[in-house]
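Step one of this worksheet: look at the structure below.
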Amino acid sequence: MTARKIIIDTDPGQDDAVAILLALASPEEIDVLGITCVAGNVPLDLTSKNARIVCELAGRSDMSVYAGCDRPLGRDLVTAEHVHGKTGLDGPNLPDPTMPLAEGHAVDYIIEQLRTHPAGTVTLCPLGPLTNIATALQKAPDIAEKVQEIVLMGGGYFEGGNITPTAEFNIYVDPEAADIVFKSGIPIVVMPLDVTHKALVTKPRNDAFRALGTPVGVAVAAMTDFFERFDKEKYGSEGAPLHDPCVTAYLINPDLFSGRHINVEIETQSELTMGMTVADWWRVTDRTPNALFVGNLDADGFFSLLTERLARL
Ligand code: BDR
Ligand code: CA
């Protein structure tokens, strides 16, 4: 199996951090070309710093990390310090990065990589608001047919929303960007809250991370310790949902996940339901399917994979 070439577009975020670590720990399946950062959970200066902290934690100070868009296409930025803490990566005590940001803008990097690789060989993995990806598609429409697939975390249907009653955070922050991506014609796999709320870090699962006894295992356990308080209070759940690692786990073992190929449209007009992913799960319209909308996962298989891979770092 040749490793799949990906660009991770991210706003770390503890769960983004775990998604990145999982990818970097899995070189047989995933070849991370670069990491592009976007404003989301916290402002861009912090997301682009946190991505470098995570690369250094993984021993990958050679990774190219680019800063991208610092605000949504046409709105003020909404952030999520109430979930992720002031730094976006609250929990573990990790040193400031020494590696510099790569020179240039994340959007130009995405365009350049898609133009220089053969068509259908680069997958985009957005883990935050879709501003960088939509901006790249607006600036260089020719890249749409070169993307192999977009595998993203965002949206929700049966679970509703987590930032408003109907909207999930990543889509809500930049609904116009999400609309561009979902209408792009690029094959899309969506990890909505419907599946990510089933990827819960229970106490035994977090104990398994900590028991690795490595800097990575201990840091991941501290991240989820911090991150879980929000979901425990809000949903009464057993622990933190590992939203973004569902994306990188899917690339390693898609058989852990199941969903439906359906039409998904983004609400960009109504203030009440802004950013809702209107997912035609029951196929009640004749709108053309544009995404694999994932609904379920083998949670034990997912956590075994994650623990086994994190142990490698
Ligand atoms: C998504 O929003 C962020 O808070 C997480 O990092 C994840 O990407 C979950 O709604
Ligand atoms: Ca994220």
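The values are calculated or read from the model by the stated rules, or taken from the named source; none is laboratory data. As the structure is a prediction and not an experimental result, all values here were calculated from the model. Every residue, glycine as well, gets a Cβ built from its backbone with ideal geometry; the counts of neighbours run over all protein chains shown. Side chains included, ligands, DNA and RNA excluded: accessible areas come from the protein's heavy atoms. Shrake-Rupley method; radii C 1.70, N 1.55, O 1.52, S 1.80 Å.
Every test in (1) open to solvent by less than 30 Å² (accessible area, probe 1.4 Å); (2) more than 16 Å from ligand 2 (Cβ to nearest atom) is passed by residue 244 save one, and that test is (2). Exactly one residue among 30, 20 is within 15 Å of ligand 2 (Cβ to nearest atom) and modelled with pLDDT of 95 or more, and that residue is 20.
Using the structure shown, decide if residue 7 is within 12 Å of the chain's Cα centre (by Cα) and away from ligand 2 (no atom under 14 Å from the Cβ). Yes: the conditions hold for residue 7. Exactly one residue among 163, 180 is of a type in the set (A, V, I, L, M), open to solvent by 30 Å² or more (accessible area, probe 1.4 Å) and within 15 Å of ligand 2 (Cβ to nearest atom), and that residue is 163. Within the stretch 80-92, the only residue that satisfies the criterion of being open to solvent by 40 Å² or more (accessible area, probe 1.4 Å), touching a residue at least 60 places away in the same chain (Cβ under 8 Å) and on the phi < 0 side of the Ramachandran plot is 82.
The residue of the stretch 1-47 that is nearest to ligand 1 (Cβ to nearest atom), among those that are open to solvent by 10 Å² or more (accessible area, probe 1.4 Å) and in a helix (DSSP H, G or I), is 46. What do you reckon, is residue 157 open to solvent by 10 Å² or more (accessible area, probe 1.4 Å) and closer than 12 Å to residue 264 by Cα? So residue 157 fits the description; yes.
From the list 102, 134, 67, the lone residue that is open to solvent by less than 20 Å² (accessible area, probe 1.4 Å) and modelled with pLDDT of 95 or more is 134.
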